[in-house]
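Inspection log for the structure reproduced underneath, given as structure tokens.
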Amino acid sequence: MKTIKNRLFETIEKINDRVIEIRHDLHAHPELSGHEEHTKYLVKGILEASGYTVRESEKHFGLIADLRVDDNARTVAIRADMDALPIEEQTGKPYSSREKGIMHACGHDSHTA
């Protein structure tokens, strides 16, 4: 029988390339706090396609996504910030920020992906 750790690593291996692709997209299209429209709709589409029920606020770009597998199972909550910082990127990476003076310098692109 596979341990939960083994199953987790198998799942990570299956989705790793897609998660990196999403992170690169988010990194290339950073948005400051309160302006995360591209990010919101990218994340919302991915979550809905993955079977999550997504709730959105009319006041901000935040999302709440629910995935119910077993109504008797414990609830796990994960939070991810989506905003970028007002910093000019100088990494020269192929997925560098395309937005002048804005970049994901704090890892929020990784958290969101």
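Bear in mind that the values in this text are calculations on the coordinates, not laboratory data. Keep in mind it's a predicted model, so treat the numbers as computed, not measured. Cβ sites come from the backbone with ideal geometry, for glycine too, and all protein chains shown count toward neighbours.
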In degrees, nearest ten, helix 37-49 long axis to first principal axis of the chain (Cα): 20 degrees
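Do any trypsin sites (Lys or Arg not before Pro) in the stretch 12-113 lie in a DSSP loop with no more than 12 other beta carbon atoms within 10 Å, and if so, which?
Hits after loop and neighbour filter: Lys59, Arg68, Arg74, Arg79, Arg98, Lys100.
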Relative contact order for the chain, counting Cα pairs under 8 Å that sit 6 or more residues apart, in percent: 32 percent
Residues Asp81, Asp66, Asp71, Asp109 arranged by fewest to most Cβ contacts within 10 Å: Asp71, Asp66, Asp81, Asp109
Degrees between helix 4-28 axis and first principal axis of the chain (Cα, 0 to 90, nearest 10): 20 degrees
Estimated distance in nm for a label pair at Asp17 and Lys93, the labels positioned 7 Å out from Cα along Cα-to-Cβ: 1.9 nm
Inter-label distance, nm, simple model (7 Å from Cα along the C-beta direction), Asp71/Lys2: 2.9 nm
Contour excess over end-to-end distance, with Cα ends at Asp81 and Ser50 and 0.36 nm allotted per residue: 9.2 nm
For the chain, the spread of Cα positions along each principal axis, largest first, Å: 50, 34, 21
Centre separation in Å (Cα based) which lies between the stretch 66-87 and the stretch 1-32: 14 Å
